[in-house]
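Asks: I'd like to ask you about the structure that follows.
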Amino acid sequence: MLNLDKIREDFPILNRNVNGKPLVYFDNAATSQTPQQVIDVIVEYYSKYNANIHRGVHTLSQEATDLYEQARIKIQKHFNAKHSHEIIMTSGTTHSINLVANGFSSLLKKGDEVIVSALEHHSNIVPWQMLCERTGAILKVIPMNEQGELILSDYDALLSEQTQLVFVNHISNALGTINPIKTIIEKAHQVGAAVLVDGAQSCPHIVPDVQALDVDFYVASAHKMCGPTGVGMLYGKEAWLNKLPPYQGGGEMIAEVTFEKTTYADLPHKFEAGTPNICGGIAFGAALDYMNAIGFQAIASYEQELLDYATAQLNAIDGLKIYGSSSHKASVISFNIESIHPYDIGTILDKMGIAVRTGHHCAQPIMDFYKIPGTVRASFAFYNTKDEIDVFVSAVKKAKMMLS
Ligand code: C6P
């Protein structure tokens, strides 16, 4: 059982008013809110430790380096990676995916095949399309059904000896579908293909065990799990990370530089050119500490309650259609009401202090599948309440009345 009163006290932003009404923040899939414990770490860093890392002999630099490397170890432990050097600090999921896609440029050849799913965010489509343009590899798509689930029998038919890579999200940002990634990974490995899992939406709700999943690459963003923006991670199996060339050149990613030849640093530094988001990395570690102290099992079961409660109430509204009805679903509800434009509903909800996302959610192929321009998306976090859902549902009814 979560202590909601105590948890909500940790999030100062939840006390503010928006447009004269208490804020109801249901845009957690876009970015989560930040608890005071993480804000304190950020303030403390700039008040006491601010220095560049891995470079200085001076005390501040060493302290900052220690904190940053401790954060890497927290991330390693959280995801159960075998080695801390398998955790590459990035600016987020998008950066992580681009890093891997760029690396595969030198490993793929014309006619090789890569498989994406119909449920992806643009971040897990476009970098691979660019890779295919560079290499002549062919992009194939696992289709989805009306419930918003991947059709695994079609996935079987797409896999072949030509398949080099499969990239799929763990949870869909637009529909909330939880994909059967263990099965997807096993099947890919049977034909010798590597798998990248986009964990941007799963990490706020569950703890992925990268060794148990036997996944080759797993990526996530801190800002969706109570951490700051502009920082994230790439987990890669050591053997894969050693095989991939560096993504960016610059300081700290080298072993030795001459004008004739440069040699590269060992993992993880080979992929970490330039001054990183030091404070962000440390705060990412603090965010994991915060969420682990609450407990991911308690978080997941409470969020399921919120999802069920909101789904039942929304389904009772005449003309409201929810997209994505998988029985394996995270706390995301995408919906439309009759032919009302989602933007108009979102605007009215905002006037009532309620934050939701509207539009295609950077997942246009999903909207094309349903032949809609977009949806209204409400996404719940562990600090949301059933009272907030009541406020939201009555606001949706009001919006329907005003716009019908
Ligand atoms: N989805 C949403 O509102 P970045 O921006 O790099 O932190 O994350 C990109 C990304 C990649 N994959 C998935 C499944 C995602 O959901 C996101 C971010 C936000 O749904 C912002 S577009």
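Rule-based calculations on the coordinates, nothing more; no lab input. Remember, predicted model here, so these are calculated numbers, not experimental data. Cβ: placed from backbone, ideal geometry, glycine included. Neighbour counts: every protein chain shown.
Asks: Applying 1/(1 + (r/R0)^6) with R0 = 45 Å to the Cβ-Cβ distance of Lys82 and Lys6, what FRET efficiency is obtained, to the nearest 0.05?
Replies: Result of the calculation: an efficiency of 0.80.
Asks: Just to verify a number: FRET efficiency for Lys109 and Thr59, C-beta to C-beta distance, R0 = 56 Å, to 0.05?
Replies: It comes to 0.65.
Asks: Which order do peptides 212-221, 310-319 fall in by mean Cβ count within 10 Å, highest first?
Replies: The packing order, highest mean first, is 212-221, 310-319.
Asks: Can you grab the distance from the C-alpha centre of segment 363-404 to the C-alpha centre of segment 206-240, Å, no decimals?
Replies: 28 Å
Asks: Using a 10 Å cut-off on Cβ atoms, rank the peptides 322-328, 301-307 from the highest mean neighbour count down.
Replies: 301-307, 322-328
Asks: Add -39500 (n - 2.57) for each DSSP H run of 4 or more in the chain, then divide by its residues: what number comes out at 222 nm, to the nearest 500 deg cm²/dmol?
Replies: Only helices count here, giving -11500 deg cm²/dmol.
Asks: Just how large is the dipole of segment 21-111 about the Cα centre, in debye to the nearest 20, putting +1 at every Lys and Arg Cβ and -1 at every Asp and Glu Cβ?
Replies: For segment 21-111, the charge dipole is close to 440 debye.
Asks: Does segment 39-292 classify as rounded, prolate or oblate by the C-alpha gyration tensor (a ≥ b ≥ c root eigenvalues; a/c under 1.5 gives rounded; else a/b over b/c gives prolate, otherwise oblate)?
Replies: Oblate, since a/c reaches 1.5 and b/c is not below a/b.
Asks: Once you keep just the Cα pairs under 8 angstrom separated by 6 or more residues, what percentage relative contact order results for the chain?
Replies: Over the chain, the number comes to 23 percent.
Asks: What net charge do the residues around Thr385 carry, taking every other residue with its C-beta under 11 Å from that of Thr385, with Lys and Arg at +1 and Asp and Glu at -1?
Replies: Surrounding charge for Thr385 is -3.
Asks: Give the residue from Ala381, Ile294, Cys203 lying farthest towards the positive end of the charge dipole for the chain; charges sit on Cβ (+1 for Lys and Arg, -1 for Asp and Glu) and the dipole is referred to the Cα centre.
Replies: Ala381
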